[in-house]
Amino acid sequence: MKKITLLLMAAVVAVSVSVGQSLNDGIKLLSSQFKVKSTREVFKKLYDANSKDPQTVYWYGQALIAGFDVKPADIQAAKAVYQKALTDGVNDAWIWVGLGHIEILENGDLNSAKQKFEQAITATTETKGKNKGKPNPNILAAIGRANADGSSKQGDPNYGIEKLKQAATLDLTNPDIDINLGICYLKLGGEYGGEAVKAFQDAIARDPKNALAMYRIARIYVSQNNPDVFNKYFEDAIAANPSFPDTYLSLFEYYKLRDVNKAKENLDKFIANADKDPLNDILLADYLFRAGKYNESLAKTKEIDAATAANPIPRLNMLYALDYDRLGDSVQSKSYLEKFFAKAPTTEVKPDDYDFAVKVFSKFPGNEAVTVSYLEKAIAVDTSKINQIAYINKAAEVLGNAKMYTEQVKWLIKAADLKGTWGEIDYYKITNTAYLGKDYVQTMTVSDKYIAAFPDKPQGYSFKVRAAKALDTTTTPGIAIAAIDQQNEFLMKDVEKNKKTIFINLYYELVYYGDKAKDYAKGIEVCDKMLTLYPTPGEENDFAVKQKEVLTKAAAGPQKPAKPGSVQPAKSGK
């Protein structure tokens, strides 16, 4: 009897080890976005064998919401698995965490999700022994995973960071803790890229063969356009795990615009290592397009479209648009772009898609607002500061071509602000555009900043004078005088080079004081400045002498003021 009992115990242990190994295998598969089918198959078998094991239920639900193409139906399927567990009496911390995760993906009540997380932590905190008072690090890691998942607007990455850091002190071997920590940092914004890299490096320290951590670091440097660094980490990821498909896809995406041969090489490796999926055929059609084989790409796209008619793939519309554009049919291209953006979830739209949409829509006058809206979306999804600035400048260019100068100024200011410091070219573009848009008040405001930042450059003074003259009307008479005096002070640094411009400025002041303000004393001062510029007889000197005589008479005694128009233009037209 004792022997039989021992044999039964051995069998239970053997089954437990086997299930544990399968569970770990499935968790490893979850690291790739392109092995979701394989992952779900592993966990489905485990779930069918033991649907009341909390960890198996939790990870099966995670497999259902894994991958790059998570649909609402997938989220609902995972939710049903977790709710069934509760109905079946599996009222466990793992299930609570899973339901909290679903609540985040459904954009539900974040506080409600956190309550479930905290309940799970309390329930799994040791109450005795050497670990008394310590929560379960695996539960903490799962909570961190939930807050790392989804878009940057879902979950609470700071809360996730707190729990993951706590987990890292309790579990010194699990690399997934640091990977999700890095993802949480990335959700906080590009300025936390350094913290994210450090977290991924810590994951590699825990597991030197962790291809996902290496891949994640490479992706950060891709967003920074740093090929020297990202190529190194991609190579490390391939060396660590040659069957990890995500690396090959990223390299394909990088090279498809630079080297079609390298792109094809990486595409073949991706297809060989990823789960079979119609989306992989789309990549082949994309490659044919990049290789300049537009008719072949179009034919492949139509073939995929026919095969997936029952379950349409939005990305096909983008391929149609690309091929038709290269084949010279902009109308068809625009039509398919509209279909793509109407049907594709925002998670499936790439910055390059928006960039291409701008190119196509710019060909159709009157579509400027739509074009700029695509650029706004590109800015929102692209974390690269360099790319964001490029998109903003493109928006400004589109608006400028349409002579929508007021809107163009706003975008030029956005670009300059995003850079952190305004360069001279920024001041020039913004003041020039504001002037073209007849926003003379803003022109003067920016000109003042231009002059303060670059006092030795002439353009700031020039723009300010031109704008001030435009504003010098009956409602704001004399507003140009201060701007002219300021410009003349600058121009006087090189009198010989600038004397004609100075004289023209003085002529403007002379007209103002003599005819508009009737301030003859000031007008005489202006004449004296003219004579200082041109002290010897000549056209300018003669003009100044005659005008001084007129103004002197007007200023003398109680006689009638000089008649309007008494200041005569110089023969030279000045």
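Readers should treat all values here as calculations from the given coordinates under stated rules, not as data from a laboratory. Just so it is clear, the structure is predicted and the values come from calculations on it, not from any experiment. As a convention, Cβ positions derive from the backbone with ideal geometry for all residues, glycine included, and neighbour counts pool all protein chains shown.
Observations on the model:
- Computed magnitude of the charge dipole of the chain (debye, nearest 20; Cβ of K, R +1, Cβ of D, E -1): 360
- Pairwise FRET efficiency - LYS385 versus LYS438, Cβ, R0 = 30 Å, nearest 0.05: 0.40
- Cα lying deepest toward the dipole's positive end in the chain, options THR127, THR501, LEU105, charges on Cβ: THR501
- Our coupling estimate for the range 120-132, obtained by passing each phi through the Karplus curve with A = 6.51, B = -1.76, C = 1.60 and θ = phi - 60°, is 5, 5, 4, 5, 10, 7, 4, 10, 7, x, 5, 9, 4 Hz, Gly and Pro reported as x.
- 11 Å beta-carbon shell around GLU103, net charge (K/R +1, D/E -1): +1
- Net length available on complete extension from ASN107 to ALA205 is 31.8 nm, with 0.36 nm assigned per residue and the Cα-Cα distance removed.
- Estimated from helices alone, the mean residue ellipticity of the chain at 222 nm is -23000 deg cm²/dmol (sum of -39500 (n - 2.57) over DSSP H runs with n ≥ 4, per residue).
- Of all lysines in the structure, those lying under 16 Å Cα to Cα from LYS302, and not within fewer than 8 positions of it along the same chain, are LYS293, LYS339.
- Dipole axis of the range 305-412 (+1 Lys, Arg; -1 Asp, Glu on Cβ), positive-most option in THR346, ASN393, PHE361: ASN393
- Distance in nm between pseudo-label sites at ASP528 and ASP494 (7 Å out along the Cβ direction from Cα): 2.9
- Gain on full stretching of the segment that runs from THR421 to GLU195 - 0.36 nm per residue minus C-alpha separation: 78.9 nm
- In this label model, LYS516 and ASN91 are separated by 8.5 nm, measuring between points 7 Å along each Cα→Cβ vector.
- Here ALA73 and GLU296 are evaluated by their C-beta separation; at R0 = 51 Å the FRET efficiency comes out at 0.90.
- A protection proxy built from the mean count of other Cβ atoms within 10 Å ranks the segments 318-329, 78-89, 469-480, 373-384, most packed first, as 318-329, 373-384, 78-89, 469-480.
- Taking every alpha-carbon pair in the chain and binning the separations at 20 Å intervals from zero gives 16, 36, 23, 15, 8, 1, 0 percent.
- Applying 1/(1 + (r/R0)^6) with R0 = 45 Å to the Cβ-Cβ distance of ALA123 and GLU303 gives a FRET efficiency near 0.25.
- Whole-Å semi-axes of the range 288-327's equivalent ellipsoid (Cα gyration tensor): 19, 10, 7
- Cubic angstrom per residue, convex hull over Cα atoms of the range 474-540: 84
- Put in order of Cβ neighbour count within 10 Å, fewest first, the listed residues ASP48, ASP528 become ASP48, ASP528.
- The chain: relative contact order in percent, alpha carbon pairs under 8 Å with at least 6 residues between: 5
- Gain upon complete extension [GLU376, LYS28; 0.36 nm per residue less C-alpha separation]: 121.6 nm
- Annotation: the residues CYS184, CYS527, sorted from fewest to most other C-beta atoms within 10 Å of their own C-beta, follow the order CYS527, CYS184.
- Spin-label model, ASP171/ASP268: points 7 Å from Cα along the beta carbon direction are separated by 4.0 nm.
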